[in-house]
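Participant: Sharing a structure with you now.
The values are calculated or read from the model by the stated rules, or taken from the named source; none is laboratory data. Keep in mind the model is a prediction, meaning the values are calculated, not measured. Reconstructed Cβ throughout: ideal geometry from the backbone, glycine too, with neighbour counts over all protein chains shown. For the accessible areas, the whole protein counts, side chains as well, though only heavy atoms, and no ligand, DNA or RNA atoms are used. Shrake-Rupley method; radii C 1.70, N 1.55, O 1.52, S 1.80 Å.
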Amino acid sequence: MDYLPGDAIRCPVALLPKAQPGQGLRFGPEDFLEGTVVGEAERLTGRYPVRSGVIRLREWLSGNVYRHLPEESAHVVSAMILGLRDNIPPEVYSAVNRAGTVHLLSVSGLHLSVLTALLLGLLERTPLSKRIRIFITLAGVCFFTVLVGFSASIVRACAMTSIALAAQLGKRRGDSLSSLGFAVALICLIRSDWALGKGLWLSAGST
């Protein structure tokens, strides 16, 4: 059966420990697993049209990166911009992990900060009202969050950015501690295991 990016697939999968840390599915602080299909797969095409469209868009953008950059560089760029980390060679991941810069391979608040500033700066040159400009920027932030996948870092950054933009709508000053508290509470409600991540503690502590 041929599959396309964005197709929903249902099939039995066996989860086995993965020898190489840093790759595969992660269910706990030190548990890296990989999945192996052990039965017949069933395509559920058409059930999730929005999700399928977003995944196809991400695959198309990633394809452009690979067409214009050397393969090894494309692996890193796709991870840094689109959150696609599956193709990063183990030796590259190990090198950045030893250097303490593995967070550079994750889509995080830096991306949303640049995107928010870019959208607000461009929209200020239009005759649109401030309220409409903020709504468009908020929509762009949410779309980017969906595009790159709902990782802990991007969900946290999206929540904080949304609060800051909403404060401007209400003509109130943004409060970083309130935004951070809301973002951490949201993460604990959505995925409580994310609260154990070192990245969350480092970014929350610095904020």
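Participant: With a cut-off of 8 Å between alpha carbons and a minimum separation of six or more residues, what is the relative contact order of the range 67-207 in percent? Could you put the intermediate results ahead of the total?
Facilitator: Values: 115 pairs, mean separation 26.9, N = 141.
Value for the range 67-207: 19 percent.
Participant: A follow-up question, please. Would you tally the net charge around residue 75, using a Cβ to Cβ cut-off of less than 12 Å, leaving residue 75 out, and scoring K and R as +1, D and E as -1?
Facilitator: Its environment carries a net charge of -3.
Participant: Applying a 10 Å radius around every beta-carbon, put 70-79, 86-95 in order of their mean neighbour count, most first.
Facilitator: 70-79, 86-95
Participant: Using θ = phi - 60° and the Karplus curve 6.51 cos²θ - 1.76 cosθ + 1.60, what whole-Hz ³J(HN,Hα) does each residue of the range 135-145 get, with Gly and Pro shown as x?
Facilitator: Those phi angles translate into 4, 5, 5, 4, 5, x, 5, 5, 5, 5, 4 Hz.
Participant: Now a separate question. Across bins of 10 angstrom width beginning at 0, how are the C-alpha pair distances of the range 99-193 distributed, in whole percent?
Facilitator: 16, 45, 31, 8, 1
Participant: While we're here: Which value, in Å², gives the accessible area per residue of the range 77-169 when a 1.4 Å probe is used on the protein heavy atoms?
Facilitator: Accessible area per residue: 52 Å².
Participant: In the range 69-189, carbon and sulfur make up what percent of the accessible area (probe 1.4 Å)?
Facilitator: 65 percent
Participant: Hey, could you pull the Cα Rg and Dmax for the range 64-110, both in Å?
Facilitator: Spelled out, the Cα radius of gyration and Dmax of the range 64-110 are 10.4, 30 Å.
Participant: Here is a follow-up. Rounded to the nearest 20 Debye, what is the dipole magnitude of the range 114-207 about its Cα centre when Lys and Arg each give +1 and Asp and Glu each give -1 at the C-beta?
Facilitator: Computed about the Cα centre, the dipole is about 300 debye.
Participant: Given a Förster distance of 22 Å, report the FRET efficiency between residue 189 and residue 94 from their Cβ-Cβ distance, rounded to the nearest 0.05.
Facilitator: FRET efficiency, residue 189 to residue 94: 0.05.
Participant: Given +1 on the Cβ of Lys and Arg, -1 on the Cβ of Asp and Glu, and no further charges, what dipole in debye does the range 82-142 carry about its Cα centre, rounded to the nearest 20? Write down the numbers at each step before the final one.
Facilitator: Values: 6 positive and 3 negative charges, 70 e Å.
In debye, rounded to 20, the range 82-142 gives about 340.
Participant: In sequence order, what are the phi-derived ³J(HN,Hα) couplings for the range 97-111 according to the Karplus relation 6.51 cos²θ - 1.76 cosθ + 1.60 with θ = phi - 60°, rounded to whole Hz, with x for glycine and proline?
Facilitator: 5, 5, 6, x, 10, 5, 5, 5, 8, 10, 6, 9, x, 4, 4
Participant: Once you put a point 7 Å from the Cα of residue 123 and another 7 Å from the Cα of residue 66, both along the Cβ direction, what distance in nm separates them?
Facilitator: Label-label distance for residue 123 and residue 66, simple model: 3.4 nm.
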